[in-house]
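Reading through the structure tokens given below for one structure.
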Amino acid sequence: MTERDANALRAEALESLLVEKGLVRSEVVDAIIRRFEQDIGPMNGAKAVARAWSDPGYRARLLADPWAAIAELGVTAIPDAPLVVVENGPAVHNVVVCTLCSCYPSGLLGLPPSWYKSPAYRARMVREPRAVLAEMGLVLPADVEVRVWDSSAEMRYMVLPERPAGTDAMSQDDLAALVTRDAMIGVARAGRPPEVGGDS
Amino acid sequence: MGGMHGFGRVPVEANEPLFHAPWESRVLGMVFQVVGTGWSNIDAFRHAIERLEPATYLGVGYYGRWLRALETILVEAGLLEPGELEACLAAAPARARAAPPTAPRHGAFTGVLRPIEAPPRFTVGDRVLARNIHPPGHTRLPRYVRGKRGVVHRVHPACVFPDTHAHGLGEHPQYVYGVRFSALELWGPDAESGSAVHLDLFEAYLTPVGGEP
């Protein structure tokens, strides 16, 4: 039996026991899973970023009081921990990590990817952020300051990436499609707009 | 594990699913309920993960750690007898069954902010030293900043203190400070240039630079 099979059996037995004891309800487990599968995820953070790019007043509110600004969007979010939005610019690049465990703005962006929880990312991002970013495909010029945010207490961090060039005419919905989860963690830039007249 | 060597490249999986097996999602849902309804608390859960034997910690994967830590906090809360789950797995009558619970030990989760009347000890611009302490229990003071000097860049509201809360010793809310440490201070001459690490540190972890310890 593999480790994963053993875990599956153990988790199933534990859930039966906890249901029997009245500590857990399986339909609540179902609802929690469904919430992360359907309602909460990077698409909600992407909406906030796209609006911040399009509306300077909203950008200021998102930086000053993130959860209140998120609430304006009418998306599903769980403001269960204080949220801090850090803004990238031409001279500053921000990137988020949790060296102690896996702290992440899950109430807005959903569950973190496995690499974010990996020992390699947790160990290395604080010590050699430029090297890790370069490995992940983001090479930063030497004159760009790298600010690493280690989520060591209960504040959760989201990066407001730079708006890509050539997107002035795009709608907020189209802009949101350029904002990836990785850009909001800070290991990538926002995507580039589709090339006009190029092969599709 | 901040700063440790030897883990190699960051393993990025293309088109990764939200869960790699259904049991992972069941464990997540159980932990959210047990912690969220007050049968245990998030700090006790994190401490249970940290107490895993190091080879186990690294070997069983993320949700493998969650599953084992969930069992630990249930046993410590008196909600599960040691061996009860094994008996269940062996389809054998359990020798001991934990008595049915009456009410959660903690209140339901109400967030981490706890306003306090005392003023913050530090202010933006203060130079601070992260204490060189090695408590045997839970702490949110990463090893790689202990004994290092930084600058307060933000004063956060007071929050529940995990170092006591994890052990059932009360919430003892205190201010949390955003502290910036230069890469040079943290890593010495091997540091990458032009970078800094920002941590959120509880007041009890900090002393003024040059001040009394």
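Structure data summary
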{"read-out": "The stretch A:23-51, residues that are within 7 Å of chain B (Cβ to nearest Cβ) and open to solvent by 20 Å² or more (accessible area, probe 1.4 Å)", "value": "A:Val28, A:Glu37"}
{"read-out": "Positions within the stretch B:34-59 being in contact (Cβ under 8 Å) with a residue 60 or more places away in the chain, of a type in the set (A, V, I, L, M, F, W, C) and part of a helix (DSSP H, G or I), in sequence order", "value": "B:Val35, B:Ile42, B:Ala44"}
{"read-out": "Hits in the stretch A:68-94 (condition: of a type outside the set (A, V, I, L, M), within 27 Å of A:Pro129 (Cβ to Cβ) and outside any strand (DSSP E or B))", "value": "A:Pro82, A:Asn88, A:Gly89, A:Pro90"}
{"read-out": "Unique match (being hydrophobic (A, V, I, L, M, F, W, C) and open to solvent by 20 Å² or more (accessible area, probe 1.4 Å)) among A:Ala188, A:Ala183, A:Ala153, A:Ala120", "value": "A:Ala188"}
{"read-out": "Of all residues in the stretch B:71-85 being assigned to a helix (DSSP H, G or I), touching a Leu at 6+ places or on another chain (Cβ under 7 Å) and not acidic (Asp, Glu), the one that is surrounded by the fewest Cβ atoms within 10 Å (Cβ to Cβ)", "value": "B:Leu85"}
{"read-out": "Test: residue in the stretch A:14-22 that is open to solvent by less than 40 Å² (accessible area, probe 1.4 Å), in contact with a helix residue (DSSP H, G or I) (Cβ under 7 Å, 6 or more places away or on another chain) and of a type in the set (Val, Ile, Thr)", "value": "no"}
{"read-out": "Spans of strands (runs of 3 or more DSSP E) in the stretch B:94-199 with at least 3 residues open to solvent by 50 Å² or more (accessible area, probe 1.4 Å)", "value": "B:149-159"}
{"read-out": "Cβ-Cβ under 9 Å pairs, at least 6 apart or on other chains, the stretch A:80-92 side at the interface with another protein chain (Cβ under 10 Å from one of its Cβ atoms), far side surrounded by fewer than 20 Cβ atoms within 10 Å (Cβ to Cβ) and among the hydroxyl-bearing types (Ser, Thr, Tyr)", "value": "A:Asp80/A:Ser106; A:Ala81/A:Ser106"}
{"read-out": "Residues satisfying the stated conditions in the stretch B:200-213, i.e. over 19 Å from B:Gly2 (Cβ atoms) and either β-branched (Val, Ile, Thr) or not in a helix (DSSP H, G or I) (or both)", "value": "B:Thr207, B:Pro208, B:Val209, B:Gly210, B:Gly211, B:Glu212, B:Pro213"}
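The values are calculated or read from the model by the stated rules, or taken from the named source; none is laboratory data. Remember, predicted model here, so these are calculated numbers, not experimental data. FYI the Cβ positions are ideal-geometry reconstructions off the backbone, even for glycines, and counts take in every protein chain you see. Heavy atoms of the whole protein, side chains included, go into the accessibility calculation; ligands, DNA and RNA do not. Shrake-Rupley method; radii C 1.70, N 1.55, O 1.52, S 1.80 Å.
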